[in-house]
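The values are calculated or read from the model by the stated rules, or taken from the named source; none is laboratory data. Being a predicted model, the structure only gives us computed values, none of them experimental. Every residue, glycine among them, receives a Cβ derived from its backbone with ideal geometry; neighbour counts consider all protein chains shown.
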């Protein structure tokens, strides 16, 4: 479908990647990975046509539709939510406008019979095209996608200008999903999703018929929906079969070998250098010394993987708290007439590591602020346990940073036991390497300030940590360091996050916040997901008893559907490949035919009988081959259509 041919890109004289060759097929499900700054987003922009490569080109099949979701900075204005998302269905919108224009024209009493017949015919063709595009179900499809991404029905007629940045990204994502592109390019699509929307998106993309190329630091997400990994590594792009976990196993072994080879090379170079220094001024050894110098100059240095030597970080030890860390009872919180919580109760004990989960807007962050003492409640009680020392991180934590300080100074006063070298290692893990640590806070982006604020929390001596979306601006390696530190943390923890893979080994309990109520799950994230799925299926059985006669029937139905999908894929896989191959050949012949017609229209082409005869013969051959291929294409397409009808 899309071929990347010798694509190269550099910034400031340094190549991000060189001579990239890769083919994206109709059924590609690819995760694009690499360290920060290796050019992942740039590669997506090149494929989307938003950034020209320095060299090379992209070849794509005619009428291939590409949808691109950037990581941030997306805004919409001037329309209602439903209309904005529906506008992504451009063909349907155009035909609807055409239908309206024809209907208006038909109301003109001055039309001749001939003009009226022509308009009626055109209206019929328009209706036929709308029917072929399934336009009569387009509205319900838009509603389903908006609901899946967390919008309420009463949001549909709201102006898009009213929605905040995270919801603006959801609007952009909804438009891409509605448009049903041949290829979706998604750059961190889960950053602004809650756990409900995340799971809905996973299910949607698993059954998506187009190709996917995704950048995401959410391992759970990419493991669920991708089956191939594309890595940018030392300016090259490498492709691996398997999902992200399979890639990590390969990468771990490769990095281990690279580190071993690096150590051997360094040892050999040191021995050679010692020989040179020892015998540099001995005339009898001059030839050997020169030979060793040339050997050193010719050595191609082995580069260490960028995550080699990853640091192991532990939170500073704090005195143990009492058995009960904090207890809230009959707590209520309102904003004006809006009641967020009404008489909720929760007890957090020493050693509890609790994830706050639930839809956006349910009050997870507000409850975290109340626990941290940053926000007040309206009624009820909150009692802090004995000797509790809390540390709180949120996106607003950046507001306390002194803009006049360097990064290194902004973190050095938190823990006196940390040396400057240790601080620089920790900052490097959180993407501040080299001279970056001397940047002023005032010049940092919002994401960079958030990482500085998070490092300050990691250095704070506390026994009760409250973290609100701590992984939003971290790469895989930074998340590993934070995750490892939280696993080893001996105190109590509350964490607001939708990052399932990150939460998995950290939390031992889950509190779901939904519709102003708390629901406690006495187990980790996997326990919660299983119980939540059972509850959803149970609710569906009650509200729609005809759909399944209980959980067992629902599971059986899902199994049957999965088997049908697999059967459909097996029956259509080869057909689709044949059709794709035929389409490429037809496209090439059509281009050749157009070129021949241009030459035949040029009088200079007829300056010899032999030229004319050759042109006519070639033109006839191309027409004959084209007709044959079109016949094959129609035959194969009809077969595919018949199979798909059986399964629909």
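Looking across region 431-447, the residues that are outside any helix (DSSP H, G or I) and at pLDDT 85 or above come down to 432, 439, 440, 444. Sort out which residues of region 145-159 are surrounded by fewer than 20 Cβ atoms within 10 Å (Cβ to Cβ) and farther than 24 Å from residue 213 by Cβ, and write them in order of number. Listed by number, the residues that qualify are 147, 152, 153, 154, 155, 156, 157, 158, 159.
Evaluating residue 323 against the criteria (1) closer than 18 Å to residue 518 by Cα; (2) at pLDDT 85 or above leaves one unmet condition, (1). For residues in region 222-246 being closer than 16 Å to residue 501 by Cα and either in a loop (DSSP other than H, G, I, E, B) or at pLDDT below 90 (or both), which is farthest from the chain's Cα centre (by Cα)? Looking at the filtered set, the residue picked out is 246. Note on region 156-203: residues that are outside any helix (DSSP H, G or I) and under 13 Å from the mean Cα position of the chain (by Cα) amount to 10. Looking at region 193-213, is at least one residue buried (at least 21 other Cβ atoms within 10 Å of the Cβ) and in contact with a helix residue (DSSP H, G or I) (Cβ under 6 Å, 6 or more places away or on another chain)? Checked region 193-213: no residue is buried (at least 21 other Cβ atoms within 10 Å of the Cβ) and in contact with a helix residue (DSSP H, G or I) (Cβ under 6 Å, 6 or more places away or on another chain).
Taking the condition within 28 Å of the chain's Cα centre (by Cα) and either closer than 24 Å to residue 358 by Cβ or modelled with pLDDT under 90 (or both), does residue 114 pass? Considered against the rule, which asks whether it is within 28 Å of the chain's Cα centre (by Cα) and either closer than 24 Å to residue 358 by Cβ or modelled with pLDDT under 90 (or both), residue 114 comes out as no. Looking only at region 280-292, decide whether some residue is within 30 Å of residue 6 (Cα to Cα), surrounded by 15 or more Cβ atoms within 10 Å (Cβ to Cβ) and not assigned by TED's automatic domain parsing to the domain that holds residue 458. No, there is no match, as no residue in region 280-292 is within 30 Å of residue 6 (Cα to Cα), surrounded by 15 or more Cβ atoms within 10 Å (Cβ to Cβ) and not assigned by TED's automatic domain parsing to the domain that holds residue 458.
Filter region 588-618 down to the residues that are surrounded by 14 or more Cβ atoms within 10 Å (Cβ to Cβ) and either at positive phi or at pLDDT below 80 (or both) and list them by number. Listed by number, the residues that qualify are 599, 600, 605, 615.
Note on region 451-569: enclosed helices (runs of 4 or more DSSP H) holding 2 or more residues that are at pLDDT below 90 are 476-488, 525-543. Tell me yes or no: at least one residue of region 18-27 is outside the structural domain of residue 570 (by TED's automatic domain parsing), within 30 Å of residue 572 (Cβ to Cβ) and under 16 Å from the mean Cα position of the chain (by Cα). Among the residues of region 18-27, not one is outside the structural domain of residue 570 (by TED's automatic domain parsing), within 30 Å of residue 572 (Cβ to Cβ) and under 16 Å from the mean Cα position of the chain (by Cα), which makes the answer no.
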